[in-house]
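**Q** My questions will all concern the structure given below.
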């Protein structure tokens, strides 16, 4: 009986260690990020800011983060899991804002189809980057223009 009791104790200890020691862990650090987006000097209302961390030497990039633009063009990021902030890393930034009040000329069947207000160079073909520091950033501001640079 003592042998069975010892075996049960070992199995219980291993099970407890696995339960407590194998909880969700992450290999990245999050930091709070917020800012303001303007388009041609005016707040960009009603859009989305997307941060996607870039992979680094020997590390996975971690989850992306998004923030919705309010009427003043302000946003605060949260991860796709709903945690506040963004991964401490260099991010590719994409900014989107569609408007349904401007018809798309090439689409005859959908005259009221939404049209992207932000130039492609800030979203689909974005080269925007932002370095999220460990202390976070309250000034992750982006001043966009519709004019070609």
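The values are calculated or read from the model by the stated rules, or taken from the named source; none is laboratory data. Quick caveat, the model's predicted, so the values are computed rather than measured. We place every Cβ from the backbone using ideal geometry, glycine too, and count neighbours over all the protein chains shown.
**Q** Restricting to segment 14-43, give me the number of residues that are modelled with pLDDT under 95 and not in a loop (DSSP other than H, G, I, E, B).
**A** 8
**Q** Here is a check on your reading of the model: is residue 46 part of a strand (DSSP E or B) and over 12 Å from the mean Cα position of the chain (by Cα)?
**A** Numbers: part of a strand (DSSP E or B): no; over 12 Å from the mean Cα position of the chain (by Cα): yes.
No.
**Q** Which of the residues spanning segment 43-67 are surrounded by fewer than 20 Cβ atoms within 10 Å (Cβ to Cβ), farther than 18 Å from residue 129 by Cα and touching a residue at least 12 places away in the same chain (Cβ under 8 Å)?
**A** Result: 43, 45, 46, 59.
**Q** Looking at segment 54-78, which of the residues that are assigned to a strand (DSSP E or B) and at pLDDT 95 or above is farthest from residue 116 (Cα to Cα)? Can you show your working first?
**A** Restricting attention to segment 54-78, the residues satisfying the condition of being assigned to a strand (DSSP E or B) are 56, 59, 65-68, 74-76, 78.
The next check asks that each one be at pLDDT 95 or above; those that pass are 65-68, 74-76, 78.
Working: 65: 20, 66: 18, 67: 17, 68: 15, 74: 19, 75: 19, 76: 21, 78: 23 Å.
The qualifying residue farthest from residue 116 (Cα to Cα) is 78.
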